[in-house]
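Each value in this text was obtained by applying a stated rule to the coordinates, not by laboratory testing. None of these values were measured; they are calculated from a predicted model. Here the Cβ positions follow ideal geometry from the backbone for every residue, glycine too, while neighbour counts run over all protein chains shown.
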């Protein structure tokens, strides 16, 4: 019996961009940032929710959210210090419906 895949994280934000970085980085490379990593950064660092609150919103455990944040911060730090492009792509997530969309 094979292990199950990762649970889908719940997100409520999709940005209007897929790539972010320096304009003149034609050969500096790219770093893939998963959609759920951006959501964790948004909730915890930008919106100011605690890790526990953000974990509940994404329907993951707090330790899982911590691992997602650690991976995202490492990638963002690498992109900033090495002048690489962040490519927002992939992950294991579903988009939560807003109250208006549920009606």
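I'd like the orientation of helix 62-82 relative to the chain: the angle between its Cα long axis and the longest Cα principal axis, in ° from 0 to 90, rounded to 10.
10 degrees
Find the relative contact order for the chain and round it to a whole percent, using C-alpha pairs within less than 8 Å whose residues are 6+ positions apart. All intermediate terms of the calculation are to be shown ahead of the outcome.
Values: 133 pairs, mean separation 49.7, N = 103.
After rounding, I find 48 percent.
So, how do all the Cα-to-Cα distances of the chain break down into 5 Å bins, in percent, from 0 on up?
That works out to 2, 12, 21, 22, 18, 12, 7, 4, 1, 0, in percent per bin.
Provide 81, 94 in ascending order of the number of other Cβ atoms located within 10 Å of each residue's Cβ, fewest first.
Values: 81 8, 94 12.
Placing the least packed residue first, the sequence is 81, 94.
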